[in-house]
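**Q** Got a structure here, written out as structure tokens. Questions coming.
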Amino acid sequence: MLSTATEMTEEQRQLLQIVIRESERLNNIITDFLAYSRGKQYRFEKTDLMPLLEDTLTLLNHRLVAENTGIRIERNFKRPTRLCAG
């Protein structure tokens with residue numbers, strides 16, 4: 001419902017998208033937890049952590065600005081050309 005609101009700034013829309021993704025991620029964690037309690041086997045695979053890192057830094061930056069901390073986050077990392085084995 002919130003994503004259809006027309007009076008949102010771009011920053012608010014970006015934060016809303018993070019909330020939606022994190023809600024879906026939490027739902028997956030709960031689903032996995034319930035499946036684990038039933039003795040399900042997990043299959044591990046390589047994954048790109050950059051989207052999670054970007055979302056985390058965006059939320060942290062928003063909080064730092066809102067609390068007027070004077071702390072600034074600098075993103076200075078390169079995307080790997082391939083995923084590392086975990």
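Each reported figure results from applying straightforward, stated rules to the coordinates on display, with no laboratory input. Since we're looking at a predicted model, the values are computed, not measured. When we count neighbours, we look across all protein chains shown, and the Cβ atoms used for this are built from the backbone with ideal geometry, even at glycine.
**Q** So which chymotrypsin sites (Phe, Trp or Tyr not before Pro) in the stretch 28-66 pass both tests, a DSSP loop state and at most 11 other Cβ atoms within 10 Å of the Cβ?
**A** In loop regions of the stretch 28-66 (DSSP not H, G, I, E or B), the sparsely surrounded chymotrypsin sites (Phe, Trp or Tyr not before Pro) are Y42, F44.
**Q** Which FRET efficiency value, to the nearest 0.05, is calculated for N27 and R72 with the Förster distance at 41 angstrom and r the Cβ-Cβ distance?
**A** Efficiency computed from Cβ-Cβ geometry: 0.80.
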